[in-house]
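Heads up: the structure comes next, in structure tokens.
The values are calculated or read from the model by the stated rules, or taken from the named source; none is laboratory data. Predicted model, so just to flag it, every value in this text is computed and none were measured. A quick note on method: Cβ atoms are made from the backbone with ideal geometry, for glycine too, and the neighbour counts reach across all protein chains shown. Ligands, DNA and RNA are stripped out before the accessible areas are found, and what is left, the full protein with its side chains, is counted by its heavy atoms. Shrake-Rupley method; radii C 1.70, N 1.55, O 1.52, S 1.80 Å.
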Amino acid sequence: EAWNEVCTFDIAEFADDFMELTFDGTYGNDTTQMIFCDYRITEYSNEVAQTPLAYVLKDMYGGYSRFEYGAQNESATSRIDNKFLLSSEYIYVPSDEIPNIPVYVPSTRDVKYFQIISDVLTETATETISASTTSANRFRYCTIPNTDVVRIKIDGKPEEIWIKHLPCTKYPSYKVTFINSFGVKQDMWFTGKSSESTKANTIDKYKRNTLIGDSYDTTTHRNTFLHKNGVKSIDLSTAFMDESQNVYFEELLLSKQVWITYDSQVLPINITTSDMKYRTSVNDKTVSYKISADFAYDTINNIR
């Protein structure tokens, strides 16, 4: 029913059903990362269909906006046009890693890369990212040429990304990949202290008949398990960072799909940490973050 002669249709949940994001360790060329939504309206006069209006072409992606941004309508797309799809201009990576920086390119853009040479910030390379007519390539990831790049900028746009390198530590590094508020894959590195544990889950147990004639074997289990399994958990922490990473950790906690690169294998995890203290260098002097997660499957394979 129209209100003030305006009728609004919300198709967000319907469109979201078509975007089951997956991650196998590769970036880009993901056919479910965004979809095209083409629609047109047919008006009726006295119950007679009129000539359909022209098609309206829209890009739809599986992100979300904050309450403070206002209604999640078509005007919200201006938030991502020709921009890096990160919520902060700073990102941390280990010194020997090249980050994966997502960008939305509905029109062809030049991405410029900068390094510090003789203490001077110098442009060293340019990448032309072409606009694509396929949904798989609408969201792209910058091809950063080497680990010395410290700044990335889209030509003609004010947005830029600064890359900060994490120092080497005695602890193993874990890369956690999650779907951020823009609906794309984003990496976070945990290079601090970590620990792992396993919790056993008893599904069914029963009392077993151990009688053999008029006797029984005292080494046989009387109380035993019909089914038993477990879930592996991991606690992760970062090196010291600045408060620009607060927004990333908020998005990580709110993300429904998260993976960890563990022993060179991408595995799904569920973040079990449910709250986060927003840290600042003024209050906390040094800023680091900790999370806990369960691997999103049973330890004993029960998929048959």
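Observations on the structure shown:
- The chain - percent of accessible surface contributed by carbon and sulfur, probe 1.4 Å: 50
- For region 167-304, convex hull volume per residue from C-alpha positions, Å³: 175
- Across the chain, Cα pairs under 8 Å and at least six residues apart give a relative contact order of 15 percent.
- Amide H within-cut-off set for Tyr262, under 5 Å, with H built and near neighbours excluded: Leu267
- Projecting the Cα atoms of Leu53, Ile291, Ile203 onto the charge dipole of the chain (Cβ charges, centred on the Cα centre) puts Ile203 farthest toward the positive pole.
- Length released on extending from Cys168 to Thr124, taking residue separation times 0.36 nm less the Cα-Cα span: 13.3 nm
- Protection proxy ranking, highest mean first, for peptides 270-280, 58-68, 115-125: 58-68, 270-280, 115-125, where packing is the per-residue count of other beta-carbon atoms within 10 Å, averaged.
- Set of lysines near Lys175 by C-alpha distance (under 22 Å), chain-local residues within fewer than 8 positions excluded: Lys164, Lys185, Lys193, Lys232, Lys256, Lys277, Lys290
- Rounded to whole Å, sorted largest first: equivalent-ellipsoid semi-axes of region 170-241, Cα gyration tensor: 48, 16, 7
- Orientation-averaged projected area, Cα convex hull of region 150-206 (nm²): 7.5
- If the segment from Thr147 to His227 were pulled out straight at 0.36 nm per residue, it would be longer than the present Cα-Cα gap by 23.9 nm.
- Cα-projected label distance for Glu160 with Ser65, points at 7 Å along beta-carbon direction, nm: 2.8
- Taking the square roots of 5 times each eigenvalue of the Cα gyration tensor of the chain, largest first, gives ellipsoid semi-axes of 43, 33, 18 Å.
- Relative contact order computed over region 136-227 (Cα-Cα under 8 Å; 6+ residues apart), in percent: 16
- Net charge in the neighbourhood of Tyr206 (other residues with Cβ under 14 Å of its Cβ; Lys, Arg +1, Asp, Glu -1) is +4.
- Size of charge dipole - the chain - debye, nearest 20, with Cβ of Lys, Arg +1 and Asp, Glu -1, no other charges: 1200
- For the chain, the residue among Tyr104, Pro94, Leu254 whose Cα projects farthest onto the positive side of the dipole built from Cβ charges is Pro94.
- FRET efficiency for the pair Thr299 and Leu253, taken as 1/(1 + (r/R0)^6) with r the Cβ-Cβ distance and R0 = 25 Å, rounds to 0.55.
- The modelled label-to-label distance for the pair Leu57/Thr210, using points 7 Å beyond Cα in the direction of Cβ, is 7.4 nm.
- Once the C-beta distance of Ser45 and Phe14 is scaled by a Förster radius of 30 Å, the resulting FRET efficiency is 0.60 to the nearest 0.05.
- Rolling a 1.4 Å probe over the protein heavy atoms gives region 92-157 an accessible area of 46 Å² per residue.
- For region 5-21, Karplus couplings with θ = phi - 60° (6.51, -1.76, 1.60), whole Hz, Gly/Pro x: 6, 10, 10, 10, 10, 9, 10, 4, 5, 5, 5, 5, 5, 8, 10, 8, 5
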